Amino acid sequence: MAKITLRIVRKPNLMKKKHTSISVKEITKASFDTALRKKPSADNVTLDRGRINSSSWVKLLLLGTGAYGSVYLGTSKSKTHHTGDRAIKTAELSHASSLMDEGRIMIRLQSPFVVRCYGDEIAREGYSTQYNLILEYCSGKTIADLIEDNHGELLESEAKVFARDVLSGLTYIHDRNIVHCDIKPDNLLLSPTAVRFRSTGYLTKIGDFGLAMEKGSLEYGNGYGHKRGTTRYMSPELIGHGFVDFGADVWAFGCTLLEMLSGATVWGEYGDLAFDDWVNLIGHSDRMPHVPAWLSKDALDFLSRCLERDVNKRWSTHELKNHPFVLL
């Protein structure tokens, strides 16, 4: 095998393992709901078949920004239909093609384990025209926030609950020929729910379908030529050969579960790498993410089924749902 040289830049703020775990219930919850709300802008309008109407939504608070748009906490202007808060994902119309593609996929998905899309609108805001995607608001933040707030690994019993939710969501979208292509802790949103339904107090939902692809579509083609995703979570066949299939989501899910169980960033020992070095490390070497030996036997076996370099041997979500690690 050819020698692989990696240019490593050490990252000082990687999540570090802590020897003790605390319950999810003891972790401070999100504070979005206590933030001051902005007054609505008078110049927000919606374009409806050429007519200009008042906007249906008011943006209250910036929740975050990403490659394809910004996300705001929003609420309906309607006084007769109380819909509750929503997440408004927005981009300038001239740069909104990716967001529109995301909307076309999400509007078809209706699962308790996938962030719900309620529709979209085109609205003039100030001197620009915006495309707004109206999404379910999950006030519990994300799995990434949970791991960071915990300063270490989650309890295995709680990681199992989150894993079952994510597997249910992945099975649902895979059964509809959708490959997410960017499963990671930041894209797994937490929706608070009654403890009698979830011991963790949260229902986990898959969000951010900005990179998703539909098998059988013209864009998908034969599955090759699509290097997309977040590098450290990309599967060997995806980052090495640009091949997109359901197995890419399973590998990324395995990396995500590993972070939940270990409290450490996957591939964290390599720091930040240039893209070509990620390709060499994940796509063209025989190296594997570090899996702590102190995990339970079931956890170790489950991770080995997800983090299988050979995509043909990697388990599907249907097979993983019957693994002892996630069974009730």
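Just so you know, all these numbers are worked out from the coordinates, no wet-lab data involved. This structure is a prediction, so every number in the text was calculated from the model and none was measured. Neighbour counts are summed over all protein chains in view; Cβ atoms, including those assigned to glycine, are modelled from backbone coordinates with ideal geometry.
List of remarks:
- A simple spin-label model places pseudo-atoms 7 Å from Cα toward Cβ; at ALA274 and THR193 they are separated by 4.6 nm.
- Rough spin-label spacing in nm, given labels placed 7 Å along Cα→Cβ, for THR129 and SER316: 4.4
- Here the simple spin-label model places points 7 Å from the Cα toward Cβ, and for ASN177 and HIS290 these points are separated by 4.3 nm.
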